[in-house]
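S.K.: The structure's right below; bear with me while I get my questions together.
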């Protein structure tokens, strides 16, 4: 929990924003304050050993290997994987001419080890921010404010630094509502994910434990930081190793800096496109948590992803299949599953996604095949529907998926669905932050966790229910309905026919003959019997020595026919109803139901004359008949409400009449 020192320190540093106000846009405050915060922490960490580090660097032979040189200097600096070879410190810079401040800070920053120079110069673009501060003539004011705060380890622990860092990131995220959700996951959502994984981790007690935590789209590292804090709160003796990858430069810089100032190895946070270039290849993790982009295309990663999919197949990360190019959420999920541990303990995953991965794509599609793989491998433990308007840049409903490759016996071949989407599980903010209008309360989070813990052994509740894995499997059947058309020859139809391909493939004499036949007054009436219409056109043309081809017959039908449920059924040469392409559709038949029963109960009563196209049944080379998987959330949690009886309706009407009569009496009496 945050103590008074943390709050006071965060408020003090946040006060720097007053100096920036009017000179910088509010959503750019973080680009100045966060790097300065990190820089001051490093200054406090390194100042005591800086002279010794410089002395060691001067004593090393010129031809020494760079990696060896870094290791030796890291050891002398005693601040993790960072050192500084500049003779300057904040204290020394403050004692020099204020006119030289900009040049001194640039010299100080360029004195860092290469890994930190990359963070400040390339990722934070901090030299650009320093120049802008100088141009606005406020560089000294900001520098002096940070010089006055002591961030040495003896004053501010790594844990406290983490809390301050997290609080500052949250405040800056709120300042830039339009983009906050891109790099900041609401803390109550992260706490919920972590609590769900902790509740499922039966081995999180004792000494000497290690937990590796990984986020493939780690942003500023909020999920990783909260995961560590909660694990430590449960068992202080657990060693928590944090890993992540991020492709946004600024978010990566913040996350890596956070790892450094909180005592973690910043090298475990990688930069780059996770889907295209996995920087933690071959590594496995105990816990994986992420909030990947929703509905964002993966075109930039497509080349590398498709190549891996083709070359490695099941031995790669994407063996289950590729989703449509417009949404990469299921690619991130597959990537995480590929990093599950193979030992007895296994791994757990908590991932936030929108509704698309639950049902997008029919049987045989990439999405369905990925879901099929997840469910048939029995990885999915639970899916939790969250309240709307929780995130800063989207109001759409979101879901937490919990996965486990070592489910306890009671959970095997089952999935717990928790519907925490109602007002019961959130409260409105006093003031909306972008699209974030609600937050999950501590009581609501506890209620969700209890439902998760008890859900597989209890009877369930009004918002949680266990389903067997096969509940999500289905087969597609193709429903055909008889074609019914009414026909009338008019100018519009003649124009459509004249523009059709089958008509224009005929010789001109045949075209003229057909148009003259259709122009006969006998075709001017409306025909409700399409068979008779087609027969008359065909017989008249046949008398003239010409045959109506199947494509031409279709063109005539499309030009002059209109859908009419009251018209006669059009039949083929064998007397069987012709299927209407405009009315055909597919039904999902649950895997545990016979398609004949499903058709008789769910289709036939509502579509008289319909039939199942049986040539597709049990076909595995077409999408129809193939096994598919989806999570029909609305169906699973459809809440039936008994309609009022006729007596109820009559009673309500009588009550309203009595109230109205009473009101009229009062008005008249006045």
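What follows is calculated from the coordinates using simple rules that are stated; it is not laboratory data. Everything numeric here is computed off the predicted structure, so don't read it as measured data. FYI the Cβ positions are ideal-geometry reconstructions off the backbone, even for glycines, and counts take in every protein chain you see.
S.K.: As I understand it, the value is the acute angle between the Cα axis of helix 530-543 and the longest principal axis of the Cα atoms of the chain; what does it come to in degrees, rounded to 10?
M.R.: Around 60 degrees separate the two axes.
S.K.: Does the chain come out rounded, prolate or oblate, given a ≥ b ≥ c as the square roots of the eigenvalues of its C-alpha gyration tensor, rounded meaning a/c under 1.5 and, failing that, prolate meaning a/b above b/c?
M.R.: prolate
S.K.: What FRET efficiency would be calculated for the residue pair residue 511, residue 613, taking the C-beta separation as r and a Förster radius of 45 Å, to the nearest 0.05?
M.R.: 0.80
S.K.: Give the percent of DSSP beta bridges with both residues in segment 177-475 that are antiparallel, rounded to the nearest 5.
M.R.: 50
S.K.: Quick check: the angle from helix 508-518's long axis to the longest principal axis of the chain, C-alpha only, nearest 10 degrees?
M.R.: For 508-518 against the chain, the angle is about 70 degrees.
S.K.: Another one. What is the distance, in nm, between label points placed 7 Å from the Cα along the Cα-to-Cβ direction at residue 14 and at residue 128?
M.R.: In this crude spin-label approximation the distance works out to 2.7 nm.
S.K.: Taking the Cα-to-Cβ direction at residue 306 and at residue 542 and moving 7 Å from each Cα, how far apart do the two end points lie in nm?
M.R.: Here the answer is 5.1 nm between the modelled labels.
S.K.: Still on this structure, I have one more. Efficiency by 1/(1 + (r/R0)^6): what FRET value for residue 314 and residue 413, r their Cβ-Cβ distance, R0 = 22 Å, to the nearest 0.05?
M.R.: 0.50
S.K.: How far apart, in nanometres, would the label points at residue 4 and residue 241 be if each is projected 7 angstrom from Cα along the Cα-to-Cβ direction?
M.R.: Each label point is offset 7 Å from its Cα along the Cβ direction, giving 4.0 nm.
S.K.: Hey, how many Å between the Cα centroid of segment 525-551 and the Cα centroid of segment 46-69?
M.R.: That distance is 96 Å.
S.K.: Further question on the same structure: Using the 10 angstrom Cβ neighbour count as an exposure proxy, how do 462, 534 rank, fewest first?
M.R.: Ascending number of Cβ neighbours within 10 Å: 462, 534.
S.K.: A further question on this structure: Calculate how many DSSP beta bridges within the chain are antiparallel, expressed in % of all such bridges and rounded to the nearest 5.
M.R.: Counting DSSP beta bridges with both partners in the chain, the antiparallel share is about 65 percent.
S.K.: Can you bin segment 4-158 into rounded, prolate or oblate? Criterion: square roots of the alpha carbon gyration tensor eigenvalues sorted a ≥ b ≥ c, rounded for a/c under 1.5, prolate for a/b above b/c, oblate for the rest. Write out the running numbers ahead of the final one.
M.R.: Working: a/c = 1.99, a/b = 1.61, b/c = 1.24.
Because a/c hits 1.5 or more and a/b exceeds b/c, segment 4-158 counts as prolate.
S.K.: Grab the DSSP H runs of the chain that are 4 residues or longer, score each as -39,500 (n - 2.57), total them, divide by all residues and round the 222 nm result to the nearest 500 deg cm²/dmol.
M.R.: Values: 27 runs with 283 residues, N = 670.
Helix-only estimate at 222 nm: -12500 deg cm²/dmol.
S.K.: Report, to the nearest 10°, how far helix 101-110 tilts away from the longest principal axis of the Cα atoms in the chain, using its own Cα long axis and a range of 0 to 90°.
M.R.: Roughly 70 degrees, rounded to the nearest 10.
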